[in-house]
Amino acid sequence: MSPFRTLVAVKPDGVQRRLVGQIIKRFEQRGFRLVGLKMVQVSEELLDQHYVSLHKKPFYPSLLRYMTSGPVVAMVWEGHNVVKSTRMLVGDTNSAEAMPGTLRGDFSIHVSRNVVHASDSTEVAQKEISLWFQCSELIDWECCDHGNIYHP
Ligand code: IDP
């Protein structure tokens with residue numbers, strides 16, 4: 001699995017609020033390459049693995065209800081420094097602290113409805129991509145504008 005890939009998911013509030021297109025646009029305009037995309041009704045079993053470090057948090061039951069309340073749009077984005085750049089693009093976990101210009105800073109107010117998920121390290125990204133996507137769902141395609149985004 002490439003270390004230059006990350007998992008991004010538009011959470012149920014983002015889908016309900018019709019923000020999917022605007023969120024995808026930010027990644028496209030930055031120059032990242034979309035290699036996987038699907039809409040999923042997430043199971044509690046998947047979330048238990050995805051949020052393994054949060055099981056003991058008091059908000060975990062409500063996080064499960066939130067994340068299973070409707071469909072999620074899951075994506076894999078690829079590019080230079082994509083994990084770190086994506087976290088910066090997404091903004092602070094707590095929407096109230098998220099900077100304007102970030103997705104959470106522009107589209108949300110409260111930590112409990114923060115619109116989008118993004119992997120927080122390369123190791124976590126690799127684990128999350130394998131959890132959410134089959135290898136056959138990831139497409140390795142050639143971007144015709146590669147030379148305009150990277151040094152040839
Ligand atoms: P992250 O999504 O920025 O990586 P995590 O600490 O991994 O942040 O938390 C996962 C998700 O759990 C958050 O995105 C948010 O939806 C929810 N969450 C985190 N802290 C709180 C809280 O204090 N109250 C309610 N929900 C929270």
If the chain between Asp48 and Ser121 were fully stretched, how many nm would it gain, using 0.36 nm times the residue separation less the Cα-Cα distance? 24.4 nm
Averaged per residue, what accessible area in Å² does the chain show with a 1.4 Å probe, protein chains only? 57 Å²
Among Pro100, Pro71, Pro12, whose mean-square fluctuation peaks in a Gaussian network model of the chain (Cα, cutoff 10 Å)? Pro100
How many angstrom lie between the Cα centre of region 14-42 and the Cα centre of region 43-81? 16 Å
With a 1.4 Å probe and all protein chains in place, put Phe32, Phe27 in order of accessible area, largest first. Phe32, Phe27
Residue separation times 0.36 nm, minus the C-alpha to C-alpha distance between Thr93 and Cys144: what's the value? 14.9 nm
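Determine, from the Cβ-Cβ distance of Arg30 and Arg65 and an R0 of 22 Å, the FRET efficiency 1/(1 + (r/R0)^6), rounded to the nearest 0.05. Write out the running numbers ahead of the final one.
Working: r = 32 Å, r/R0 = 1.47.
So, using R0 = 22 Å, E works out to roughly 0.10.
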To the nearest 10 square angstrom, what accessible area does His50 show with a 1.4 Å probe? 10 Å²
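With an 8 Å Cα cut-off and a minimum separation of 6 or more residues, compute the relative contact order for the chain in percent.
35 percent
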Give the ranking of Ser95, Ser136 by solvent-accessible surface, highest area first, calculated with a 1.4 Å probe. Ser136, Ser95
For the chain, share of DSSP beta bridges that run antiparallel, in % to the nearest 5: 95 percent
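Identify the trypsin sites (Lys or Arg not before Pro) of region 54-152 meeting these criteria: DSSP loop state and at most 15 other C-beta atoms within 10 Å of the C-beta.
Counting only loop positions with at most 15 other Cβ atoms within 10 Å, the trypsin sites (Lys or Arg not before Pro) in region 54-152 are Lys56.
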If the elastic network links every pair of Cα atoms under 10 Å, which of Ser62, Ser53, Ser121 fluctuates the most in the Gaussian network model of the chain? Ser53
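The values are calculated or read from the model by the stated rules, or taken from the named source; none is laboratory data. Fair warning: this is a prediction, and the values are worked out from it, not measured in the lab. When we count neighbours, we look across all protein chains shown, and the Cβ atoms used for this are built from the backbone with ideal geometry, even at glycine. These area figures cover heavy atoms from the full protein model, side chains too; ligands, DNA and RNA do not enter into them. Shrake-Rupley method; radii C 1.70, N 1.55, O 1.52, S 1.80 Å.
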